[in-house]
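The values are calculated or read from the model by the stated rules, or taken from the named source; none is laboratory data. Keep in mind that what you see is a predicted model, and the values were worked out from it rather than measured. Glycine gets a Cβ as well: all are built from the backbone with ideal geometry, and neighbour counts include every protein chain shown.
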Amino acid sequence: MFIDEAEIKVFAGDGGNGCVSMRREKYVPHGGPDGGDGGRGGSVYLEAVEGVDTLLDMAGRHHWKAPRGEPGQGKKKAGRDGSDLVIRVPPGTLVYDGDSVILLADMVPAGRKVLVAAGGRGGRGNLQFVTSVRQAPEYAEPGEPGQSRRLKFQLRLIADVGLLGLPNAGKSTLLSRLSAARPKIADYPFTTLKPQLGIAELDAERRLVIADIPGLIEGAHEGAGLGLTFLRHIERTRVLVHLIDMMSLEDITPIEAYESLRSELAKYSPKLAAKPEILVANKMDLTGAPEALADLRDYLPGKQIFAISAVTGTGLRPLLEEIWQTVQRAPKGEAIVESPPAIMSEVSAWPTPTAEPKAAEPGATIPSTETATDDAELAAEVQAMKADDQRKGKFYRRSRKAT
């Protein structure tokens, strides 16, 4: 199932508590403290993985939690770190903060890994609190809570070419002729209800990824007919192929169809409207199509228009060669997040939780809006433990004097 939007909440693991332990061993009457430190909680990462093409996993599971670190033990044994949780997402996924709706990361290219929630630090064992005057502390540090964050995902397909057209213009038929994709094809509007990807092979060394976008209608830039959902999938394409039905069953001329498409693109995004375009007149095998093509060429005298029939295959090879040449000349798509927002640098100070995977590049990490550490409260808790330990020491010394 194709899912292109999802919302989840991620929870990094809490740090393990430090251990309060005294060494007890035969012939060692005053062994002293030997409590180990707690392990660090597991962190949560996002990774763009080639071959993953849907957000279905996130749609079916709304809470993702990394394991916590294990507590420290006696004999100076440190607790085991919690394992990191890596969530696989399709390349081209946009990651938003679920509360502020700030765009945080653009998961391109494939292989990119981003830290979204850092695991809590492990607490220190009582061995770490030994001083020259306090040689047997009976307190340890609790582990810190892991970070948590709500995330929203929006998938934008990565393709070289985007097929555009009004409903029932023949886009799915053309995709099936140019590639091995087998989209649903029927003689009625809105047959295609979700974007389809296909790979067209010109020869052994030349390939194109083509995206078939469901038909656009008037008002698509405002969301009519799920237009906003469909239009965002072609923002990353390098070339747009406008497929125009020469003999539409609807009461609309090819000229009106072209102007409608251009208008929706310009209203949605001027940058999208400025992409290189190739005009294709489809269904040229039908009676009356040559006359309609002549009218369209008179209306657009400076435009090259390719006449094809997706059903019979007429004119497809020259079209495919032109698409390839245009793609080679077109600039490559860029990441939508050019520089990470300022809030994404806050977690960079956190030490790497484990050797693998390493933290993402600077600026690619995301802090939690629900802060995991309250230094003032933690310091007060440790001070209370120290005061209690000091009271116990005074009582012990007085008891020895009394005897």
Exercise for review: Among the residues of region 60-94, count how many are more than 30 Å from Gln128 (Cα to Cα) and touching a residue at least 60 places away in the same chain (Cβ under 8 Å).
Suggested key: 8
Check your understanding: So, in region 276-292, of the ones that are among the aliphatic types (A, V, I, L, M) and in a helix (DSSP H, G or I), which residue ends up surrounded by the fewest Cβ atoms within 10 Å (Cβ to Cβ)?
Key -> Ala289
Practice item. Scan region 259-275 and give yes if some residue there is modelled with pLDDT of 85 or more, assigned to a strand (DSSP E or B) and farther than 28 Å from Leu56 by Cβ, otherwise no. Key: no
Exercise for review: Filter region 170-200 for residues that are within 19 Å of Ala281 (Cβ to Cβ) and either modelled with pLDDT of 80 or more or not in a loop (DSSP other than H, G, I, E, B) (or both) and give the result.
Suggested key: Gly170, Lys171, Ser172, Thr173, Leu174, Leu175, Ser176, Arg177, Leu178
Practice item. Would you mind stating whether Ala140 is in a loop (DSSP other than H, G, I, E, B), buried (at least 24 other Cβ atoms within 10 Å of the Cβ) and in contact with a Leu (Cβ under 7 Å, 6 or more places away or on another chain)? Key: no
Exercise for review: Name every residue in region 95-117 that is surrounded by 19 or more Cβ atoms within 10 Å (Cβ to Cβ) and either outside the structural domain of Leu56 (by TED's automatic domain parsing) or among the aliphatic types (A, V, I, L, M) (or both), in order of residue number.
Suggested key: Val95, Leu104, Ala105, Met107, Val108, Val114, Leu115, Val116, Ala117
Point to revise | Gly51 vs. criteria out of contact with any Asp or Glu (no Cβ under 6 Å at 6 or more places or on another chain), part of a loop (DSSP other than H, G, I, E, B), under 30 Å from Gly123 (Cα atoms) and assigned by TED's automatic domain parsing to the domain that holds Gly36 | key: no
Point to revise | Residue that is nearest to the chain's Cα centre (by Cα) [pool: residues in region 16-48 that are of a type outside the set (A, V, I, L, M) and not in a loop (DSSP other than H, G, I, E, B)] | key: Glu47
Exercise for review: Please specify each residue of region 201-236 satisfying the condition of being under 22 Å from Ile252 (Cα atoms) and at pLDDT 80 or above.
Suggested key: Asp212
Check your understanding: In region 293-328, which residues are at pLDDT below 90 and in contact with a Gly (Cβ under 7 Å, 6 or more places away or on another chain)?
Key -> Ala310
Exercise for review: Among what's in region 134-172 and is of a type in the set (Ser, Thr, Tyr) and touching a strand residue (DSSP E or B) at 6+ places or on another chain (Cβ under 8 Å), pick the residue that is nearest to Gly82 (Cα to Cα).
Suggested key: Ser148
Point to revise | Complete set of residues in region 54-64 that are assigned to a strand (DSSP E or B) and surrounded by fewer than 16 Cβ atoms within 10 Å (Cβ to Cβ) | key: His63
Exercise for review: State all residues of region 65-118 that are within 10 Å of the chain's Cα centre (by Cα), among the aliphatic types (A, V, I, L, M), in a strand (DSSP E or B) and under 18 Å from Thr54 (Cβ atoms); if no residue qualifies, say none.
Suggested key: Ile87, Val89, Leu94, Val95, Met107
